[in-house]
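Asker: Take a look at the following structure, please.
The values are calculated or read from the model by the stated rules, or taken from the named source; none is laboratory data. All values derive from a computational prediction rather than experimental measurement. Cβ placement follows ideal geometry from the backbone for every residue including glycine, while neighbour counts extend to all protein chains displayed.
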Amino acid sequence: MTSLSVNLNKIALVRNSRNSGIPSVTRAATICIDAGADGITVHPRPDERHIRRSDVRELRQMLAVEFNIEGNPLEPAFLDLVREVRPTQCTLVPDDRNQLTSDHGWNLATQAETLRPIIADLHAHGIRVSLFMDADPLAMTAAKAVGADRVELYTGPYAEEFHAGHREESLKRYATAAQAALDAGLGVNAGHDLNLDNLGPFLEHVPGVLEVSIGHALIADALEIGLTETVRRYAAICRAK
């Protein structure tokens, strides 16, 4: 069964537009978990445009489910926070401060030696490490060699191709990349722009997906059908695999 981890960044983004603390990030986490989410994901950025460091600490105190923190390990403050709270999983993402959202995976041909000691340090703190990667089967052996436990396949291109009607060729590419990761001894996660329409076909065709992290589309759906019902629908897709 594929686990559903709900990304709460958009809840925090709305909260930050006022000083009232509404909507509450921790309350949203509770609602998601009660509705069937298997984990919670956050991606704190240096400018705290959505998730704040205080949110990460508060979530760590309350969560009994998997906690996944995403971010760029080349930001020293990010690594300090991760070491402090010790989440279940840390997903390392190669985004910079000016990016609107994550839009590419690691280039291990040039960045492996930078990542290797960081991954070893996170392991020493008892944290599982996932690398945000493009769907390139040739890169999976390198991801394993650098010390990663899992890869998170960047599914933004899949979502675009699915919407454009090119789902078969896209699903074949992602299935090949996932199988290469499995063959290398890696766990497979996936995330970015997955939604109620494209999630089911992805999980049906891509082997071994342990976890999906979904935020933007899920919160958008929640504006129409409510957070509880939305999480239930996404979780049902994950469990129907």
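Asker: Do any helices (runs of 4 or more DSSP H) entirely within the stretch 165-241 hold 1 or more residues that are touching a His at 6+ places or on another chain (Cβ under 9 Å), and if so, which? Steps first, please.
Answerer: On the way: elements: 167-183, 199-205, 216-225, 227-239.
Hits in the stretch 165-241: 167-183, 216-225.
Asker: Right, something else. Kindly indicate the residue of the stretch 27-50 that is buried (at least 18 other Cβ atoms within 10 Å of the Cβ) and β-branched (Val, Ile, Thr) and also nearest to ILE225 (Cα to Cα) among those meeting that condition. Spell out the reasoning first.
Answerer: Narrowing the stretch 27-50 to residues buried (at least 18 other Cβ atoms within 10 Å of the Cβ): 28-29, 31-33, 35, 37-45, 50.
With the extra rule that they be β-branched (Val, Ile, Thr), the set shrinks to 31, 33, 40-42.
Numbers: ILE31: 14, ILE33: 17, ILE40: 20, THR41: 21, VAL42: 22 Å.
If we take residues in the stretch 27-50 being buried (at least 18 other Cβ atoms within 10 Å of the Cβ) and β-branched (Val, Ile, Thr), then ILE31 is nearest to ILE225 (Cα to Cα).
Asker: Can you tell me which of LEU218, LEU203, LEU171 is modelled with pLDDT of 95 or more, surrounded by 17 or more Cβ atoms within 10 Å (Cβ to Cβ) and within 23 Å of ILE69 (Cβ to Cβ)?
Answerer: On the way: LEU203 fails: within 23 Å of ILE69 (Cβ to Cβ); LEU171 fails: within 23 Å of ILE69 (Cβ to Cβ).
Residue meeting the stated conditions: LEU218.
Asker: Something else: Collect the residues in the stretch 1-26 that are over 23 Å from ALA235 (Cα atoms) and buried (at least 19 other Cβ atoms within 10 Å of the Cβ), keeping them in residue-number order. Break it down stepwise before answering.
Answerer: Kept after step one, since they are over 23 Å from ALA235 (Cα atoms), are these residues of the stretch 1-26: 13-22.
Within the stretch 1-26, ARG15 is the sole residue that qualifies.
Asker: Within the stretch 123-130, does at least one residue satisfy the condition of being of a type in the set (S, T, N, Q), crowded, with 17+ Cβ neighbours inside 10 Å and closer than 22 Å to PRO44 by Cα?
Answerer: To start, the set of residues in the stretch 123-130 that are of a type in the set (S, T, N, Q) comprises 130.
Those still in the list that are crowded, with 17+ Cβ neighbours inside 10 Å too: 130.
Applying the additional criterion that residues be closer than 22 Å to PRO44 by Cα yields 130.
There is at least one residue in the stretch 123-130 that is of a type in the set (S, T, N, Q), crowded, with 17+ Cβ neighbours inside 10 Å and closer than 22 Å to PRO44 by Cα.
Here is a yes/no grid of residues against (1) touching a Leu at 6+ places or on another chain (Cβ under 8 Å); (2) crowded, with 17+ Cβ neighbours inside 10 Å; (3) under 22 Å from SER3 (Cα atoms):
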residue	(1), (2), (3)
ARG52	no, yes, no
VAL56	yes, yes, yes
PHE67	yes, yes, yes
GLU75	no, no, no
ASP96	no, no, no
GLU113	no, no, no
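Asker: Any residue in the stretch 210-220 that is touching a residue at least 60 places away in the same chain (Cβ under 8 Å), out of contact with any helix residue (DSSP H, G or I) (no Cβ under 8 Å at 6 or more places or on another chain) and farther than 23 Å from VAL25 by Cβ?
Answerer: Scanning the stretch 210-220 turns up at least one residue that is touching a residue at least 60 places away in the same chain (Cβ under 8 Å), out of contact with any helix residue (DSSP H, G or I) (no Cβ under 8 Å at 6 or more places or on another chain) and farther than 23 Å from VAL25 by Cβ.
Asker: When you go through GLY39, GLY105 one by one, which is the residue that is touching a strand residue (DSSP E or B) at 6+ places or on another chain (Cβ under 6 Å) and farther than 24 Å from ALA236 by Cα? Steps first, please.
Answerer: Details: GLY39 fails: farther than 24 Å from ALA236 by Cα.
So the residue among GLY39, GLY105 that is touching a strand residue (DSSP E or B) at 6+ places or on another chain (Cβ under 6 Å) and farther than 24 Å from ALA236 by Cα is GLY105.
Asker: Here is a further query. What's the total number of residues in the stretch 1-31 that are in a helix (DSSP H, G or I), under 21 Å from ASP47 (Cβ atoms) and of a type in the set (S, T, N, Q)?
Answerer: Result for the stretch 1-31: 1.
Asker: Look through ASP221, ASP193 and report the one residue that is under 15 Å from ALA135 (Cβ atoms) and not aliphatic (A, V, I, L, M). Give the steps one after another, and end with the answer.
Answerer: Details: ASP221 fails: under 15 Å from ALA135 (Cβ atoms).
Result: ASP193 is the single residue among ASP221, ASP193 that is under 15 Å from ALA135 (Cβ atoms) and not aliphatic (A, V, I, L, M).
Asker: Would you please name the residue that is surrounded by the fewest Cβ atoms within 10 Å (Cβ to Cβ), looking only at residues in the stretch 137-164 that are assigned to a loop (DSSP other than H, G, I, E, B) and not hydrophobic (A, V, I, L, M, F, W, C)? Write out each step before concluding.
Answerer: Restricting attention to the stretch 137-164, the residues satisfying the condition of being assigned to a loop (DSSP other than H, G, I, E, B) are 146-149, 155, 164.
Those left that are additionally not hydrophobic (A, V, I, L, M, F, W, C): 147, 149, 155.
On the way: GLY147: 17, ASP149: 19, THR155: 25.
Only one residue fits best here, namely GLY147.
Asker: On to the next question. Which residue pairs have Cβ atoms under 7 Å apart, sit 6 or more places apart or on different chains, and have a first residue in the stretch 18-42 that is among the β-branched types (Val, Ile, Thr) and at pLDDT below 95 and a second that is surrounded by 14 or more Cβ atoms within 10 Å (Cβ to Cβ) and outside any loop (DSSP other than H, G, I, E, B)?
Answerer: Taking only residues 6 or more apart or on different chains, not a single pair turns up.
Asker: With respect to GLN99, is the statement that it is part of a helix (DSSP H, G or I) and either at pLDDT 95 or above or polar (S, T, N, Q) (or both) true? Break it down stepwise before answering.
Answerer: On the way: part of a helix (DSSP H, G or I): no; either at pLDDT 95 or above or polar (S, T, N, Q) (or both): yes.
No; evaluated as a whole, the condition is false for this residue.
Asker: Here's a follow-up. Can you confirm whether the stretch 74-87 contains a residue that is among the basic types (Lys, Arg) and on the phi > 0 side of the Ramachandran plot?
Answerer: Yes, there is a match, as at least one residue in the stretch 74-87 is among the basic types (Lys, Arg) and on the phi > 0 side of the Ramachandran plot.
Asker: Scan the stretch 170-191 and tell me whether some residue there is under 19 Å from ASN7 (Cα atoms) and among the aliphatic types (A, V, I, L, M). Even if it seems obvious, please write down each step before you answer.
Answerer: Taking the stretch 170-191 as the starting set, the residues that turn out to be under 19 Å from ASN7 (Cα atoms) are 188-191.
Among the residues that remain, those that are also among the aliphatic types (A, V, I, L, M) are: 188, 190.
So far as the stretch 170-191 goes, yes, one or more of its residues are under 19 Å from ASN7 (Cα atoms) and among the aliphatic types (A, V, I, L, M).
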